[in-house]
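Enquirer: First the structure, which I've put down as structure tokens, then a few questions once you've had a look.
The values are calculated or read from the model by the stated rules, or taken from the named source; none is laboratory data. Bear in mind the structure is a predicted one, so any value in this text is a computation, not a measurement. Neighbour counts are summed over all protein chains in view; Cβ atoms, including those assigned to glycine, are modelled from backbone coordinates with ideal geometry. Side chains included, ligands, DNA and RNA excluded: accessible areas come from the protein's heavy atoms. Shrake-Rupley method; radii C 1.70, N 1.55, O 1.52, S 1.80 Å.
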Amino acid sequence: MLLELVINFSILFTFVIFSYWLYESLEPYQDSFIELQPWIVGLVAGLTGLLLMGTAVHYQNDIISDGRFISILLSGLLGGPIAIALSSLIIGVFRIYVFGLSETSIFGGLNILVIGGVIALISIKKPITFRNIYFYFTYIVFQVCIVFYILSDTKINGLQNVIQTALFYIVSFYITLLVLKSIRNQFIRMRETEKMAETDYLTGLPNNRRFQQIIDDLLSNNVPFSLILIDIDSFKKVNKTYGHPVGDEILQQIGTQLKNYVKTINAEAARISGEEFYIVCKEAAPAYGIHYANLIQSQIAKTPLVVSTGHVIPITVSIGICSYPDNGNTSKELAFSADKAIMQATARGSNQLVHFNQLNN
């Protein structure tokens, strides 16, 4: 019996850990199949449950013990109520018919359907998380133990079945969950590291590396866009007058303004160096690029920045704009066009805006 329990746990552990690792690995691509995710998770959990029942420990009176309920519960962690309902339906129907239609098999199958239904309904309002999963698990163990005791042919056998099943469930669940948490924490740290490598430490905006990836993606998909290069006027004078800490506050506040602004349009902002920022406006022809740039330039000029020293510092920006595919076909060509445009803007004085197309006029 001990060997059967070890084999059953090994199957449960292997399928759950591999499925969760795959789930986390595909996280960046989940938006493309987000609607199918609960169904896929539920199907995988259901098939895992069938395999677990095939290697279950058999007690007297056709009672079987395995890790199928843990598979159902963990499916809710990844796929929500739909995954729970689907996996419990697959496993419950299988339990009723496959091992021979008997009072025990019917009672056991209905128990699976009831447990799955209750958890699915509750998880609609209280989604299963790593924090509250213990409450759901306690309910499962309690109900399964009651059913096992009722189905046992004697009180002694019933008590023995309950103790063995409860111990198996507790050990299997906590070991599996412990490893799942470890995997989750590893992925969290990995994503945080990746985000730090692509995020400007001061403003929280994407840095030049990440922005280059954004531009390359747009170019590879041949998506038209306008590129807005923003430079803070007289920023060196601000640093010299008020100090670099105040200069950093200015950069942070400008970054916040840009971050909020791009949420209102189909665009992304980044800090590429020093006092220079980029905004890429997707699906924006040159006229739209100029329009969006005018709005952000006006907003910054009308919003004097209050810093920690109590000073109110008026800030203006110079802007150079270029557009794809009009002003370049590669990121280097577009960066060159934006630089040429902003050079002309700064040459005209403060708070100026120039599109590369205007250089030929």
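Enquirer: Can you pull the accessible area of Leu101 for me, 1.4 Å probe, Å² to the nearest 10?
Expert: Counting only protein heavy atoms, the figure is 120 Å².
Enquirer: Roughly what angle does helix 244-262 make with the longest principal axis of the chain, taking Cα atoms, 0 to 90 degrees, to the nearest 10?
Expert: The two axes meet at around 70 degrees.
Enquirer: Ignoring ligands, DNA and RNA, how do Asp248, Asp200, Asp217 rank by accessible area with a 1.4 Å probe, largest first? Mind dumping the intermediate values first?
Expert: Working: Asp248 60, Asp200 15, Asp217 80 Å².
Sorted descending by solvent-accessible area, the residues read Asp217, Asp248, Asp200.
Enquirer: In segment 78-130, what chymotrypsin sites (Phe, Trp or Tyr not before Pro) fall in a loop by DSSP, with at most 13 other Cβ atoms inside 10 Å? Write out the running numbers ahead of the final one.
Expert: Values: sites: Phe94, Tyr97, Phe99, Phe107, Phe130; in loops: Phe99, Phe130.
Answer in residue order: Phe130.
Enquirer: Same structure again: Rounding to the nearest 20 debye, state how big the charge dipole of segment 100-248 is about its Cα centre with +1 on each Lys and Arg Cβ and -1 on each Asp and Glu Cβ.
Expert: 400 debye
Enquirer: Express the accessible area of segment 122-185 per residue in Å², computed with a 1.4 Å probe while the remaining protein chains stay in the model.
Expert: Details: 3690 Å² over 64 residues.
That works out to 58 Å² for each residue.
Enquirer: Taking a probe of 1.4 angstrom, what is the accessible area of Asp216 in Å², to the nearest 10?
Expert: Spelled out: Asp216, probe radius 1.4 Å, area about 70 Å².
Enquirer: In addition: Could you tell me what % of all Cα pairs in segment 157-277 have separations over 20 Å?
Expert: Numbers: 4547 of 7260 pairs.
So the pairs more than 20 Å apart make up 63 percent of the total in segment 157-277.
Enquirer: If I fit a long axis through the Cα atoms of helix 208-220 and take the longest principal axis of the Cα atoms of the chain, what angle between them do I get, 0 to 90°, rounded to 10?
Expert: 80 degrees
Enquirer: Take segment 9-155, compute every pairwise Cα distance, and split them into 10 Å bins from 0; I just need the percent in each bin.
Expert: 12, 42, 33, 10, 2, 0
Enquirer: For the residue pair Tyr242 and Tyr139, what label-to-label distance in nm results when each label sits 7 Å from Cα along the Cα-to-beta-carbon direction?
Expert: My value for the distance between the label points is 5.5 nm.
Enquirer: Continuing with this model, one more query. Would you work out the charge dipole size for the chain about its Cα centre, treating the Cβ of every Lys and Arg as +1 and the Cβ of every Asp and Glu as -1, and quote it to the nearest 20 debye? Kindly include the intermediate steps, with their values, before the conclusion.
Expert: Details: 24 positive and 26 negative charges, 147 e Å.
Dipole of the chain, to the nearest 20 debye: 700 debye.
Enquirer: Please go through segment 157-212 and write out the chymotrypsin sites (Phe, Trp or Tyr not before Pro) that DSSP classes as loop and that have at most 16 other C-beta atoms within 10 Å.
Expert: Details: sites: Phe168, Tyr169, Phe173, Tyr174, Phe187, Tyr201, Phe211; in loops: Tyr201.
In loop regions of segment 157-212 (DSSP not H, G, I, E or B), the sparsely surrounded chymotrypsin sites (Phe, Trp or Tyr not before Pro) are Tyr201.
Enquirer: DSSP loop (so not H, G, I, E, B), at most 10 other Cβ within 10 Å: list which trypsin sites (Lys or Arg not before Pro) in segment 271-360 pass both filters.
Expert: Those satisfying the criteria are Lys302.
Enquirer: At 7 Å along the Cα-to-beta-carbon direction for both Ile146 and Tyr174, put a label point, then send me their distance in nm to one decimal.
Expert: Between Ile146 and Tyr174, the label points sit 2.4 nm apart.
Enquirer: Still on this structure, I have one more. Rounded to the nearest 0.05, what FRET efficiency is calculated for Thr129 and Ala197 with R0 set to 30 Å and r the Cβ-Cβ distance?
Expert: Working: r = 28 Å, r/R0 = 0.95.
Efficiency, rounded to the nearest 0.05: 0.60.
Enquirer: Divide, for segment 229-279, the radius of gyration over alpha carbons by 2.2 N^0.38 Å, where N is the residue count. Please list the in-between numbers first.
Expert: On the way: Rg = 11.6 Å, N = 51, 2.2 N^0.38 = 9.8 Å.
Normalised by 2.2 N^0.38 Å, the Cα Rg of segment 229-279 equals 1.18.
Enquirer: For the chain, how many pairs of lysine residues have a Cα-Cα distance under 26 Å, where the two are 8 or more positions apart or belong to different chains?
Expert: Pairs that pass both the separation and distance tests number 24.
Enquirer: If you wrap a convex hull around the C-alpha atoms of the chain and split its volume per residue, what is the figure in Å³? Each step should come with its number before you reach the end.
Expert: Working: hull volume 59.6 nm³, N = 361.
In the chain, the Cα convex hull volume per residue is 165 Å³.
Enquirer: Express in Å², to the nearest 10, the accessible area of Met343 obtained by rolling a 1.4 Å probe over the protein heavy atoms while all chains stay in place.
Expert: In the full protein context, Met343 sits at about 120 Å².
Enquirer: Okay, next question. Build a GNM of the chain with springs between Cα atoms under 10 Å: which of Pro81, Pro127, Pro245 gets the top mean-square fluctuation?
Expert: Checking each option, the largest mean-square fluctuation is seen for Pro245.
Enquirer: Picking from Phe211, Ile128, Ser226, whose Cα lies most toward the positive end of the charge dipole for segment 95-226 (charges on Cβ: Lys, Arg +1; Asp, Glu -1)?
Expert: Ile128
Enquirer: Something else about it: Take the Cα radius of gyration of segment 209-254 and divide it by 2.2 N^0.38 Å, with N its residue count; two decimals is plenty. Mind dumping the intermediate values first?
Expert: Numbers: Rg = 15.9 Å, N = 46, 2.2 N^0.38 = 9.4 Å.
Normalised Rg, Cα atoms only: 1.69.
Enquirer: Taking square-rooted eigenvalues a ≥ b ≥ c of the alpha carbon gyration tensor, is segment 81-152 rounded, prolate or oblate, where a/c under 1.5 means rounded and, failing that, a/b exceeding b/c means prolate? It would help to have the intermediate numbers written out before the result.
Expert: Values: a/c = 3.18, a/b = 1.59, b/c = 1.99.
Cα axes put segment 81-152 in the oblate bin.
Enquirer: Treating each Cα of segment 248-361 as an identical point scatterer and ignoring solvent, apply the Debye formula and state log10 I(q)/I(0) at q = 0.10, 0.16, 0.24 Å⁻¹.
Expert: Log10 of I(q)/I(0), two decimals: -0.29, -0.74, -1.55.
Enquirer: Taking only the Cα atoms of segment 107-148, how large is their convex hull per residue, in Å³? Could the numbers behind the result be given before it?
Expert: Values: hull volume 2.2 nm³, N = 42.
Expressed per residue, the convex hull around the Cα atoms of segment 107-148 is 54 Å³.
Enquirer: Then there is this: Specify whether the C-alpha gyration tensor of segment 34-113 places it in the rounded, prolate or oblate class, a ≥ b ≥ c being the square roots of the eigenvalues: rounded for a/c under 1.5, otherwise prolate if a/b is larger than b/c and oblate if not.
Expert: Numbers: a/c = 2.63, a/b = 2.10, b/c = 1.25.
Verdict is prolate for segment 34-113.
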